[in-house]
Amino acid sequence: MRILAIESSCDESAAAVLDTAGGLLSHELYSQVELHRVYGGVVPELASRDHVRRLLPLVREALKRAGTQPQALDGVAYTAGPGLIGALLTGAALARSLAQAWGIPAIGVHHLEGHLLAPLLEPDPPPFPHVALLVSGGHTILIEVQAIGEYTLLGETRDDAAGEAFDKTAKLLGLPYPGGPELARLADAGRGGVFSFPRPMLDRPGLEFSFSGLKTAVLHAVQGREMTDTLRSDVAHAVQEAIVETLVAKASRAMDSTGLDALVVSGGVSANRALRVRMAEAAARNGFRVFYPRVEFCTDNAAMIAVAGLARLRAGQHDSLAILARAQWPLESLPPLAPPL
Ligand code: KG4
Ligand code: ZN
């Protein structure tokens, strides 16, 4: 079985072709970062308009690179949510129309299920069941993944997501959008022990997160101070430390409470190098294994949408002719792959 997948939930337009036998045949991506940079964040209307411009050429390129004619496709997967509703609609309408024209099924994929399943593209994929820590710009959740489509929420953030905390504190330091990777770069050059920010909710039992207090702590630290490059790096270092330590501690706690021995870390923040180093240390200490997507598939892409879409199409699932797009969509509401016996 071979499918085309389209991603357009935020500021990345992407298309990919995945085959059950041949694996990932192509993946194309256009990032709108430059478009949104002058505004310091994603402007939803501009994002939608740019997806309209970019998606079809990306689809053509993905098919060409995969050496695939539309007749060889068995379905079209697209991100149906959660995300920016206008952006989602552009990809959903395109995918639905192509599927209709080609006479094949289409399936609306949950963006977070895509992030969760992205490590299945790697040579050493995670076993099921496992725990997943999903850390992106919009979400910070810990879930128990029994199988594809069987998700139990263990804990989530009460306010800002981890990626959002990176982005917002980066903005306070005057770093350009998107701040997360910029802050991480600066943090690696910073000195430890100069600043110390709170580890939110670490002292409390449970698996909830809260990152909104970090912005205020950083604001207080930089206010009225002459910020040299060195000081800026030191603040970045302390921010990264606080976020990473919290994520590692809560993930370790989830491994402990579930008794599982495999952890998937995915979503944009899983590209963070400090997080990977610290998580590896915790894993060695506590006897669990950690699985990541390759770095380019940590952030938004269509390959991960293809993985989730292919799994569901193979199980015989697809959607009606309606164009499906949901700004909000609880992950736990997804159906399991096959009906339980
Ligand atoms: O998964 P993603 O591409 O989009 C969402 O679904 O949200 O994640 C984007 C988020 C942004 O907040 C970005 O700043 C963060 O991931 N991010 C990072 C790094 N690379 C991306 N945060 C920390 N360190 C990084 N290396
Ligand atoms: Zn994402």
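From helices alone, the chain scores -13500 deg cm²/dmol at 222 nm; the rule is -39500 (n - 2.57) for each run of n ≥ 4 DSSP H residues, then divide by the residue total. Got a sec? Charge dipole of the chain, +1 on Cβ for Lys and Arg, -1 for Asp and Glu; which of 170, 338, 212 is way out at the positive end? Most positive-ward Cα: 170. Membrane-span-like helices of the chain, defined as complete DSSP H segments with a Cα extent of 18 Å or more along the helix axis and a mean Kyte hydropathy of at least 0.5, are identified as 85-102.
Within the straight-line cut-off of under 27 Å between alpha carbons, the lysines reachable from residue 168 are 215, 250, sequence neighbours fewer than 8 places apart in one chain being disregarded.
Every number here is computed from the coordinates shown, using simple stated rules; none is lab data. What you are looking at is a predicted structure, and each value in this text was computed from that prediction instead of being measured. Cβ atoms come from the backbone with ideal geometry, glycine included; neighbour counts cover every protein chain shown.
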